[in-house]
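The values are calculated or read from the model by the stated rules, or taken from the named source; none is laboratory data. Since this is a predicted model, take the numbers as computed values, not measurements. All Cβ positions, glycine included, derive from the backbone under ideal geometry; neighbour counts span all protein chains shown. Calculation scope for accessible area: heavy atoms of the full protein, side chains included, ligands and nucleic acids excluded. Shrake-Rupley method; radii C 1.70, N 1.55, O 1.52, S 1.80 Å.
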Amino acid sequence: MIAREIRDRLYWMGAVDWDRRLFDSLIPLPDGTSYNAYLVQGSERTALLDTVDPPMADVLMFQLERVPRVDYVVAHHAEQDHSGTIPQVLQRYEDAQVVTTPKGKGMLVDLLRIPAERVVTVEDGETLSLGDRTLEFLHTPWVHWPETMVTYLPEERILFSCDFFGSHLATTELYVTEEQEWRVYEAAKRYYAEIMMPFRRVIQRNLTKVGQREVELIAPSHGPMYPRPAFIQDAYRDWVSEEPKNEVVLPYISMHGSTRRMVEYLVSALAERGVTVHQFDLAVTDIGKLAIALVDAATIVIGTPTVHVGPHPHVIYAVQLANALRPKVKFASIIGSYGWNSQVVEQIAGMIPNLQVEVLDPVLCQGFPRPDDFEALDRLASAIAGKHRERGLFSGD
Ligand code: FEO
C-alpha cells in the first residue's frame with residue numbers, strides 16, 4: 001500500500017492488516033484492521049502522526065522513503081500498534097523529535113526504550129506550528145490508556161483521533177462512504193465495546209471536549225476516515241449514554257441439553273413479553289459479538305451448568321470479560337441445571353464486582369427442567385420485563 005493524498009501536503013500512510021485475526025492475543029478481528037499514520041507537511045516543518053505495528057514497519061518505512069524530512073513524530077498513544085515503529089523512524093530522521101503527553105513520554109521510554117532526550121511533551125491545548133499549519137493537542141486520558149491524546153488541525157478542520165472512533169476494519173476505502181456506514185458502524189461498535197466501554201464515563205467527557213472543535217473529517221488510527229463526523233459522534237453518544245435498551249444478553253453453555261432447554265424457554269418467554277434477547281452459545285460464539293450486545297443491554301442472564309460445583313469454565317471466562325468491560329447493565333440473573341450440588345450463584349456473584357446490578361431471582365434446576373422450573377423461568381421473564389418497563393425502556397413507554 002502506498003501513501004495516499006488526503007489534502008494538499010497531507011497524506012494517509014500506514015498499513016492495512018487484512019489477515020490479522022486476534023488483537024492483544026484476546027480480541028477477535030473478523031475483518032482485519034489497519035494502522036493509520038498521517039503525514040502533515042507545513043510550510044516550515046513536517047510531522048508524522050503515529051506509526052504502525054512493528055510487524056508491518058517495512059510498509060511505513062517504504063512509504064517514508066519519498067519523504068526527505070520529518071521534524072516531529074506525534075505519539076498519540078504509547079500502545080505498540082501505533083508507537084512500535086517510532087524507533088525506526090527516529091533512526092532514519094536523526095533530528096526528529098517525538099511529541100507526546102507527559103505520561104506518554106514515560107511509557108514510550110519504558111515500552112520502546114526510546115531515548116528520553118528525543119521526546120518533548122505537550123500540555124493539554126498546547127499548539128505546535130508547522131509554518132502555515134498548526135497542530136493542537138488535546139489530552140484525552142483513558143481513551144483508552146492514561147496517556148492518550150488527539151490532534152486537531154484547525155486549518156483543515158481535521159481531528160486525528162487515534163484509537164478514539166476507530167474500527168478494526170481492513171479496507172481499501174480511505175473514507176466511510178454512505179453505503180459502507182452500517183458495516184463500519186458494527187466494526188466501530190465492536191471496537192468501542194472491547195476497548196473503550198470500561199471507560200464509558202471518561203469517554204463521555206472526552207466526547208464533549210473534542211466536540212467543541214469544528215470538525216470536517218475524523219481521521220482515526222484504525223479503519224477508514226469519517227467525512228461525516230456526526231455519524232460516528234452520534235453513535236458514540238448513544239453507546240456512552242446512561243440508559244440501556246430493552247434488551248437481554250444471554251451467554252450460556254450447555255453440556256447435555258438441560259441448560260439449553262432452560263435458555264430456549266426463557267428466550268421465548270422474554271420475546272413473548274416484548275423484550276429483545278441476544279443469545280450466545282459460548283462454545284462457539286465470537287466473543288466480540290457478545291461484547292457488542294453488552295453495549296446496550298439492560299439485563300444479563302448467565303446460563304451455566306454446574307461443573308465440579310462451580311460454573312462451566314467457558315462461562316467463567318465470559319463473566320470475567322463482562323465484569324472487565326463494565327457495561328451499563330442494570331439487572332442480572334443466573335439460570336442452569338446441576339446434577340447433585342451447585343454453588344454457581346455464589347461463585348458468579350463474586351465475579352462481577354464491577355457490575356452495578358440488581359440481581360433477580362436465579363433459576364437452578366436439578367437435572368432436566370420440570371414444570372415448576374418452567375414456571376420459575378416465566379416468573380423471571382416477567383420480573384425482567386417488569387424492571388425494563390419501570391425504567392421506561394419499552395418503546396412507546
Ligand atoms: Fe490501537 Fe490502543 O491501540
Under a Cβ-only charge scheme (Lys and Arg +1, Asp and Glu -1), can you give me the dipole magnitude of segment 249-387 about the Cα centre, in debye to the nearest 20? 260
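Using only DSSP helix segments of four residues or longer, with each worth -39500 (n - 2.57), what per-residue ellipticity at 222 nm results for the chain after dividing by its residue count and rounding to 500? Could you put the intermediate results ahead of the total?
Values: 12 runs with 127 residues, N = 397.
So the calculated ellipticity at 222 nm is -9500 deg cm²/dmol.
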Could you compute the net charge surrounding ARG157? Neighbours are other residues with a C-beta less than 9 Å from the C-beta of ARG157; K and R count +1, D and E count -1. -3
Does segment 73-165 come out rounded, prolate or oblate, given a ≥ b ≥ c as the square roots of the eigenvalues of its C-alpha gyration tensor, rounded meaning a/c under 1.5 and, failing that, prolate meaning a/b above b/c? oblate
Once Lys and Arg are counted +1 and Asp and Glu -1 for all other residues with Cβ under 15 Å from that of MET1, the total becomes -4
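For segment 249-387, rounded, prolate or oblate, judged on the Cα gyration tensor with a ≥ b ≥ c (square roots of eigenvalues), a/c < 1.5 rounded, else prolate if a/b > b/c?
Working: a/c = 1.44, a/b = 1.11, b/c = 1.30.
Cα axes put segment 249-387 in the rounded bin.
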On average, how much accessible surface per residue is there in the chain, in Å², for a 1.4 Å probe, leaving out ligands, DNA and RNA? 41
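Of the heavy-atom accessible surface of the chain (probe 1.4 angstrom), what whole percent is carbon and sulfur?
Values: 8080 of 16430 Å².
Carbon and sulfur: 49 percent of the exposed surface of the chain.
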I'd like to compare 128-135, 219-226: which one has the highest average count of other Cβ atoms within 10 Å, and what's the full order after that? 219-226, 128-135
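Which pairs in the list LYS189/LYS209; LYS105/LYS328; LYS245/LYS387; LYS103/LYS209; LYS105/LYS289 are over 23 Å apart, alpha-carbon to alpha-carbon? Mind dumping the intermediate values first?
Working: LYS189/LYS209 20 Å; LYS105/LYS328 33 Å; LYS245/LYS387 12 Å; LYS103/LYS209 19 Å; LYS105/LYS289 35 Å.
Flagged as over cut-off: LYS105/LYS328; LYS105/LYS289.
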Unit charges on C-beta of K, R, D, E only; dipole of the chain, Debye: 560
Using protein chains only and a probe of 1.4 angstrom, how many square angstrom of LYS209 are accessible, to the nearest 10? 50
Find the centroid of the Cα atoms in segment 109-172 and in segment 308-338, then give the distance between the two in whole Å. 37
Quick one: order TRP182, TRP340 from most to least accessible surface, probe 1.4 Å. TRP340, TRP182
Can you give the local net charge around MET255? Use residues other than it whose beta-carbon is closer than 14 angstrom to its beta-carbon, Lys and Arg +1, Asp and Glu -1. +1
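Once the cut-off is 39 Å, how many percent of the Cα-Cα pairs in the chain end up in the long-distance tail? Don't skip to the answer; put the middle values down first.
Working: 21806 of 78606 pairs.
Summing the P(r) of the chain above 39 Å gives 28 percent of all pairs.
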Is segment 4-240 rounded, prolate or oblate when judged by the Cα gyration tensor, a ≥ b ≥ c being the square roots of its eigenvalues, rounded requiring a/c under 1.5 and prolate requiring a/b larger than b/c? rounded
